[in-house]
Structure formats: C-alpha cells, structure tokens
Amino acid sequence: MRTARTIEGLRRELGAQAGSVGLVPTMGALHAGHEALIRAARAENEVVVVSLFVNPAQFDEGADLAAYPRDEEGDAELAAAAGADLLFVPPPEEIYPPGFQTWVDVERLSRGLEGDHRPSHFRGVATVCLKLFNIVRPQRAYFGQKDAQQVAVVRRLVRDLDLEVEIRSIPTVRDPDGLALSSRNGRLSAAEREAALALPRALATRDLAAARAALASLDVDYVEIADFDPPVLAAAVRVGSTRLIDNVVLGSNDTVEET
Ligand code: AMP
C-alpha cells in the first residue's frame, strides 16, 4: 500500500494503476466498521483508495475537532490488511487552500436530525465528498449506514450534480453488546459505555414511542423516524462529553444485535 499526501501525488499514483477505483472516505481512527467498507470496496474494484482526513469543515465544535482521535500508523496497518492499495492523507491546506470559499449545500436533507444540532456539518460533508470525488474520480464510493443522513445527503449530491460515482451503503458494524462501532467510543469510561448501551437497545424496539421511553434517562438530542430510502429510526445522545448517533433500518429484518 502506498501513501499520498498531496492531490498531485495521489493522481500520479492513480495514473500508474488500471481499472475501476473504489473510494472509502474516512476521518481515520479506523475500526471494524471502516474495515467492512474497505473490504466491500476491495471486492468490487481493481484499485481501492482510503482517505484519512479529519475534515475541519464538518465540525461545529472546535473542542470536538481537537479531541478527535488520530492514529495514522494503526490506520495504515488496518487499511493494508483490509486490502487498500492507496492511502490519501492530505493536510487541511491541501483540501482548503488559502482563499477557499466554494461550498456545496444539499439544502433540505441537511436540515433536521444531525443538521439541527450541527448546523454546518453537512455543508462540510458534501463539500469534502465532492472534492474527494473530483480528486480520486472513483467509480464507486463506500459509506456506512450508521450515518444514514450522510448517505442520503451524498446520494442527493450525486444525483443533483450529475456525478459519475455509484454510492454504496454498508450495514452498521456493532460490538457484541450492540453498540455501533465509532471512533468516539474510545472516549467512554466503563460506566459511560454501560449507559450508552441504552441507545442500541432503544432502537432495537423499532418503535418511536418505546425508543423515546427507553432513552428517557439519557441526554437525548433527538429520537426520530427519518423518511430516507430506506426509512430509519435514528437517535443521537450525549453520554458524558461524548455524542453518539445510531439508527436502525425500518421494514427490514436486520437487528441491532447482529455483529
Ligand atoms: P468516519 O471516519 O466516522 O467519518 O466514518 C467513515 C465512514 O465509515 C462513514 O461512511 C461511516 O458511516 C462509516 N462507519 C463508521 N462507523 C461505522 C460502523 N460502525 N459500521 C459501518 N460503517 C461505519
């Protein structure tokens, strides 16, 4: 596996490769959820590119950005073992050069749920995804169903701007206790992790009222049914200083107990 840190370097590496390209955009601190995306990309493409970029534009809180876990060495090991060919690790100024002022706003889908609590989050997500699609020019890009609103926003972006990339959504990978894997889980104390398990348990009811009742003891940002394709029961909670999101697809038989 090779690592590129500049757009020019990445394009040079890609120029030396033939065949379809699959892109897995991530913010690093890779875990088995990211691994599932990389393996899915490996199965369908000749060339697999994994980007590690903690995108400042999608953080509303500076403290959350500063505290975001970073482990490039561990990430490189996991990505290579999962079958990545190229790691793209740009510094922020490579993606946002001085004077940067062009943003993509997927209007309605960026409001509600996460958008109500993180006002400029999806503008940052949509913009960096469009940039990564332009830089890497993948045939397919892989996203986790765990971030259901993100998948909906990116699919809309692709349709509205006639981008030639297929968006693949991969089921949420969970720990055996049901908690969805997240780079932020490492911040939870043992007691907080126990409290956080209320989130997958509440969603497992697949019932809005029951989920709200089950989360009553937590600091809840929202519990809602979202009319995405497919529809999901989605929630966000704060446990200590950590914010966790999760969802289950409605009208399907995947369960939150599955790992
Ligand atoms: P992140 O690094 O958190 O931005 O995530 C990068 C990609 O991995 C996104 O498409 C996420 O939805 C996906 N992802 C994160 N956690 C999981 C998980 N537990 N299962 C499946 N995909 C995930």
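Brief remarks follow.
- Contact order, relative form, for the chain: 18 percent (alpha carbon pairs under 8 Å, 6 or more residues apart, mean separation divided by residue count).
- Most mobile of Gly124, Gly15, Gly115 in a GNM of the chain (Cα contacts under 10 Å): Gly15
- q = 0.07, 0.12, 0.15, 0.17 Å⁻¹: log10 I(q)/I(0) that the Debye formula gives for the chain, counting C-alpha atoms only: -0.23, -0.71, -1.13, -1.45
- Trypsin sites (Lys or Arg not before Pro) restricted to DSSP loop in segment 109-159 with at most 13 other C-beta within 10 Å: Arg111
- Across the options Val173, Leu14, Val220, the greatest Cα extent toward the positive end of the charge dipole of the chain (unit charges at beta carbon of Lys, Arg, Asp, Glu) belongs to Leu14.
- Computed over segment 1-92: relative contact order in percent, which uses C-alpha pairs under 8 Å that are six or more apart: 43
- Note on the chain: with neighbouring protein chains present and a 1.4 Å probe, carbon and sulfur make up 49 percent of its accessible heavy-atom surface.
- The Asp160 and Thr6 beta-carbon pair, evaluated with R₀ = 22 Å, returns a calculated FRET efficiency of approximately 0.15.
- Sum of -39500 (n - 2.57) over DSSP H runs of 4+, divided by residues of the chain (222 nm, nearest 500): -10500 deg cm²/dmol
- The residues of the chain expose, per residue, 46 Å² of accessible area to a 1.4 Å probe.
- Beta bridges per DSSP with both ends in the chain, % antiparallel, nearest 5: 45
- Sequence-separation-based contact order of segment 131-259, relative, with Cα cut under 8 Å and 6+ spacing, percent: 24
The values are calculated or read from the model by the stated rules, or taken from the named source; none is laboratory data. Because the structure is predicted, anything quoted here is derived from the model rather than measured. Please note: Cβ atoms are built from the backbone with ideal geometry, for glycine as well, and neighbour counts cover all protein chains shown. These area figures cover heavy atoms from the full protein model, side chains too; ligands, DNA and RNA do not enter into them. Shrake-Rupley method; radii C 1.70, N 1.55, O 1.52, S 1.80 Å.
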